[in-house]
């Protein structure tokens, strides 16, 4: 009888089949196309690439996309936290409907969001009419659209954490003499922070690349209200594939970096608060 | 949380004080609730209602006419076609990925999870761009495709590919936590009882994940029919041929046919509302497999 | 059907869960794998079942090598700690599963299946529950369904992984009695894993005590309890008094007590293990080796009495156990001085003194 070495078949079947399919599919669908972007960019040579991504119009587009996305994500973080708190902790009529509505930006096509927000915030629109300054067709309008699409990210990330929060910990803090605000700030909030950061990061990354909900309300004036994705689209229509690819490459790197940073921050905070790795 | 049944002052002091310690004062609660509801009304409710008021602003006749107009119909047809083709592929991928990830240990699992999250970090326009880079006449495979007269971008295949890129994570991301939470015990039990791999999968695994799968399918469907940026890049905007519903809405809007644009938009909004309702109803059932908790 | 396990070794990453385990399980016996968490007992059971693969070694059913066979081919009945009932199927469908999935040629007719399932449900006294869902049953009921399901297909061996671990004490006791009866009626080779020594000693024909991936002792419940082979077995099964001391002239010396330790090296440190019920108490020093103690605590635990006493020679505490009659005959009270000596003991000299 010979010894069997390392014939480590797992008990459940289908590993090879499922993993194989998944890997092949992801390579073809995701890896190869994405790698194309970087290969294509490298073909331009460093100087060509640099020229393409540092033109004033391009820089303006980056700045616009980045700043509006950041601002919108911050607003979503603040209000998202508030909304989550209210949904988890309080009772009020219509709560369940509102809870269901939170996912609307995920479910609604971006084009629909785009046209309705534009109509609402146009100078004669239902909402726009109350403001002396232009909202639609300005940078404010872009921020409004980006806030819309980012609402679910923070709420859905923080909700489960808050729901599972052990109320006994709060009671312990109170029994030790902590005031309500202290308890919230020092006991509850730190535990929500990782998921809040994650939601913020996701909203931010999403907002940078957002297209459909923004192009209607933005006005799309180069150097002023032209977002980066639109610039890519424009270059494509002009058959400037190289230029489009270069801009895309930068955007990809930035998105990945954001996700990495957020992930890292999340792990770091998580370790301190929960004492374990994520 | 339920409303306190008795009036505040009727409760014994000890209970009153305890509650006071772990909740905010009533007035603070109401201020917060008001702010939250106002925010949601402003950003979610008003826009949603607006879609419908705008759609019907020129009356029922114009509404109906916009929907049955030939270009609108072919846009609807195209959208459904893309859905019908891409959904089964996404289901296949989602189930396979969830199976591999939730039931086995292997190195690089985290990498695979990150890979599945990738489309969320990629702008839809870039998602369309990559397929142009590959398959257009100026692209990498362009000459090869031209030789065999195959058209991928600016045609249905391109639209499907772009849609697949953007939507493939949804079902996987939904099923993975569901299957992880359910564990492998039932599958192992089926094996010890003599079931083959497929018998185990069809009789034990699938019934257990059916709600999670349905939830994922609904999300994926909403995303598929609503995809705009990626499809916009690869479709070529050929009226009547390569316009999906969102693209059609864009065209109508840019031509100032607002009522018609909103009419088509209202259809998609109804779909979105149905999605939300189904999501809400299925939320409980996802992990536990039945209505009971 | 007999089970033989030869030199089974299993790693989880760098961690050695099982270290060259060899075991013979004769046909028809009810064997307990007993040990603390991490002892490897569940891994061993799952390797026998085919749910895991060993890195080295063999598993033989009736002398035939099944090491390469997967769980499906081994025809084992397996009962999981958390029941693993198919949550979306009724009790009836759960139990019938094993027969329904057989290939067409081997599958009995619907009527035969129905009869067999009902027969088994009657055996586990759950006939009225056949249309219920697992979620509607209590833990004890679910485990009985799991048992019925496992034995419906007439497996060659029944394997149970801490079958009663998730249940409360009273239900555990009932199911234990139940398992013994089932085993007598059906006469199937059974192996069950437990960390509860009472359960193992109560139910099993043979107890295999495991620790840290190794087998410490194999024997009947009486054997392992009365004649423990290693310090671990002594301590794991039942209470024990530890007397630490140095070996001198073949005797372990602890205060005024001397324990015979033939063959032990001089000047080595050792420990003598004495069970509480092997401590004899007398009012007078009838034996020259007896030492004096002062009674400090008396606990009445059901039919036995636990007496805690302070030794006058070393100041250590000793725990003795008496039957009610013995206690009443001696009429002991706290603060009284009495004499004790160990009637049975075992001396161990550990390799490295890390006690």
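The values are calculated or read from the model by the stated rules, or taken from the named source; none is laboratory data. Remember, predicted model here, so these are calculated numbers, not experimental data. Every residue, glycine among them, receives a Cβ derived from its backbone with ideal geometry; neighbour counts consider all protein chains shown.
Scanning for something without any contact (Cβ under 8 Å) to a residue 40 or more places away in the chain and at positive phi, does region C:153-175 turn up at least one residue?
Yes - at least one qualifying residue is present in region C:153-175.
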- Note on the structure: Residue count, region B:222-248, condition more than 7 Å from every other protein chain (Cβ to nearest Cβ) and not in a helix (DSSP H, G or I), comes to 10
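Please work out if residue A:231 is part of a helix (DSSP H, G or I), buried (at least 18 other Cβ atoms within 10 Å of the Cβ) and in contact (Cβ under 8 Å) with a residue 60 or more places away in the chain.
In short, yes.
Determine, yes or no, whether residue B:155 is in the same structural domain as residue B:216 (by TED's automatic domain parsing) and under 21 Å from residue A:24 (Cα atoms).
Numbers: in the same structural domain as residue B:216 (by TED's automatic domain parsing): yes; under 21 Å from residue A:24 (Cα atoms): no.
Spelling it out, it is not the case that residue B:155 is in the same structural domain as residue B:216 (by TED's automatic domain parsing) and under 21 Å from residue A:24 (Cα atoms).
Taking residue B:219, is it at the interface with another protein chain (Cβ under 9 Å from one of its Cβ atoms), part of a helix (DSSP H, G or I), in contact (Cβ under 8 Å) with a residue 60 or more places away in the chain and in contact with a helix residue (DSSP H, G or I) (Cβ under 7 Å, 6 or more places away or on another chain)?
yes
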- Among the candidates C:355, C:301, C:279, residue that is under 26 Å from the mean Cα position of the chain (by Cα) and at pLDDT below 85: C:355
- Query: Based on what the data block shows, is residue C:265 surrounded by fewer than 20 Cβ atoms within 10 Å (Cβ to Cβ) and at pLDDT 90 or above?
  - Reply: no
- Item | Verdict on residue B:153 being outside any helix (DSSP H, G or I) and in contact with a helix residue (DSSP H, G or I) (Cβ under 7 Å, 6 or more places away or on another chain) | yes
- Message: Take the conditions more than 11 Å from chain B (Cβ to nearest Cβ) and buried (at least 24 other Cβ atoms within 10 Å of the Cβ) and apply them to residue A:200. Does it pass?
- Response: yes
- Given (1) in a loop (DSSP other than H, G, I, E, B); (2) in contact with a strand residue (DSSP E or B) (Cβ under 7 Å, 6 or more places away or on another chain); (3) within 14 Å of chain B (Cβ to nearest Cβ); (4) without any contact (Cβ under 8 Å) to a residue 60 or more places away in the chain, number of the condition residue C:53 does not satisfy: (2)
- Message: Anything in region B:171-216 that is within 10 Å of chain A (Cβ to nearest Cβ) and closer than 30 Å to residue B:118 by Cα? List them, or say none.
- Response: B:172, B:184, B:201, B:205
- Item | Among the candidates A:185, A:174, residue that is in contact with a helix residue (DSSP H, G or I) (Cβ under 9 Å, 6 or more places away or on another chain), free of Cβ contacts under 8 Å to residues at least 60 places away in the same chain and more than 30 Å from residue A:52 (Cα to Cα) | A:174
- Under the condition of being touching a residue at least 12 places away in the same chain (Cβ under 8 Å) and more than 15 Å from residue A:229 (Cβ to Cβ), which residue from region A:48-62 is farthest from the chain's Cα centre (by Cα)? A:48
- Item | Selection status of residue B:181, in a helix (DSSP H, G or I) and under 30 Å from residue A:219 (Cβ atoms) | no
- Item | Single residue of region A:156-170 satisfying the filter (part of a helix (DSSP H, G or I) and either away from chain B (no Cβ under 12 Å) or at pLDDT 95 or above (or both)) that is nearest to the chain's Cα centre (by Cα) | A:157
- Query: If we scan region C:125-132, do we find a residue that is within 14 Å of chain B (Cβ to nearest Cβ) and within 18 Å of residue B:190 (Cα to Cα)?
  - Reply: no
- Task: For residue C:144, state whether it is crowded, with 16+ Cβ neighbours inside 10 Å, over 25 Å from residue C:93 (Cα atoms) and more than 11 Å from the chain's Cα centre (by Cα).
- Result: no
- Say whether the condition of being surrounded by 22 or more Cβ atoms within 10 Å (Cβ to Cβ), within 12 Å of residue A:22 (Cβ to Cβ) and at the interface with chain A (Cβ under 8 Å from one of its Cβ atoms) is met by at least one residue in region B:99-106. yes
- Collect the residues in region B:49-66 that are in contact (Cβ under 8 Å) with a residue 12 or more places away in the chain, under 22 Å from the mean Cα position of the chain (by Cα) and surrounded by fewer than 18 Cβ atoms within 10 Å (Cβ to Cβ), keeping them in residue-number order. B:52
